[in-house]
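Working notes, beginning with the structure itself.
The values are calculated or read from the model by the stated rules, or taken from the named source; none is laboratory data. Note that the coordinates shown come from a computational prediction; the quantities given were computed from them, not determined experimentally. Neighbour counts are summed over all protein chains in view; Cβ atoms, including those assigned to glycine, are modelled from backbone coordinates with ideal geometry. These accessible areas exclude ligands, DNA and RNA; they are computed on the full protein's heavy atoms, side chains included. Shrake-Rupley method; radii C 1.70, N 1.55, O 1.52, S 1.80 Å.
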Amino acid sequence: MNSLSIFFTYEYISSKVDITWEDLKFGIDHGFLSSNAAIKHATKLAAENPNVSNLMFGLASLYPGDSIQQYLDQLVKSESVTEQNELAAEKWLYLTLYWLYENKEKFPDPLTQVEEIYADFDYPESISKFVSYMPLEEDEGPLPPTREVAISNIYKNWVDYLVSQNRRFMKKHKR
């Protein structure tokens, strides 16, 4: 996974989505984040709420480069059962595709990178409509008349996916 070697900062992902410990573990385990992201997250949570657990306080007290694994594993276990690894994978799929879309001008053919992400995340149905080699479904109408129209449709589907996932994972601001 992460064959494009996309590396995120904690600040980037925390500005886009609400983060769980499972999300952090998934990102660290798959090379999207450094282990320092978990320390930053614990520090942020401790600053917002002085009554954090000893476990979270211990993680927040670590220095960059210190081993976080025992803390992170226990914090993941303490999370609600509804936060599953599958949801973390979907969130990272969204973040990766969002980042790629924001940076598409840096790639000669960003749709090739979409294909790599599609493979990295084990071919999720949710993005098949903007994987360029996938056939159109019957309900999508007739074949586009030109390659340019087909590519335009693929990009439209990509944006539609990003909008729907943004609504799903949108950062919830405190009021």
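Remarks
- Residues in the stretch 29-59 that are in a helix (DSSP H, G or I), touching a residue at least 24 places away in the same chain (Cβ under 8 Å) and open to solvent by 30 Å² or more (accessible area, probe 1.4 Å): Asn36, Lys40, Lys44.
- Cross-chain or 6+ apart pairs with Cβ under 9 Å, the stretch 151-166 first and closer than 15 Å to Val114 by Cα and surrounded by 12 or more Cβ atoms within 10 Å (Cβ to Cβ), then basic (Lys, Arg) and at pLDDT 95 or above: Tyr155/Lys104
- Any hit, the stretch 74-95, residues being basic (Lys, Arg), modelled with pLDDT under 95, loosely packed, with under 12 Cβ neighbours inside 10 Å and part of a helix (DSSP H, G or I): yes
- Taken together, the criteria place Leu4 among residues that are in a loop (DSSP other than H, G, I, E, B) and within 25 Å of Thr112 (Cα to Cα).
- Check on Tyr118, more than 23 Å from Met1 (Cα to Cα), open to solvent by less than 50 Å² (accessible area, probe 1.4 Å) and either in contact with an Asp or Glu (Cβ under 6 Å, 6 or more places away or on another chain) or hydroxyl-bearing (Ser, Thr, Tyr) (or both): no
- Search result, residues across the stretch 119-149 that are closer than 25 Å to Glu105 by Cβ, at pLDDT below 85 and in a helix (DSSP H, G or I): Arg147, Val149
- Condition broken by Tyr98, with the remaining ones in (1) modelled with pLDDT under 95; (2) aromatic (Phe, Trp, Tyr); (3) part of a helix (DSSP H, G or I) satisfied: (1)
- Every residue from the stretch 16-28 that is in a loop (DSSP other than H, G, I, E, B) and in contact (Cβ under 8 Å) with a residue 24 or more places away in the chain: Asp18, Thr20
- Residues of the stretch 96-109 satisfying the condition of being crowded, with 17+ Cβ neighbours inside 10 Å and either of a type in the set (S, T, N, Q) or over 17 Å from the mean Cα position of the chain (by Cα) (or both): Thr96
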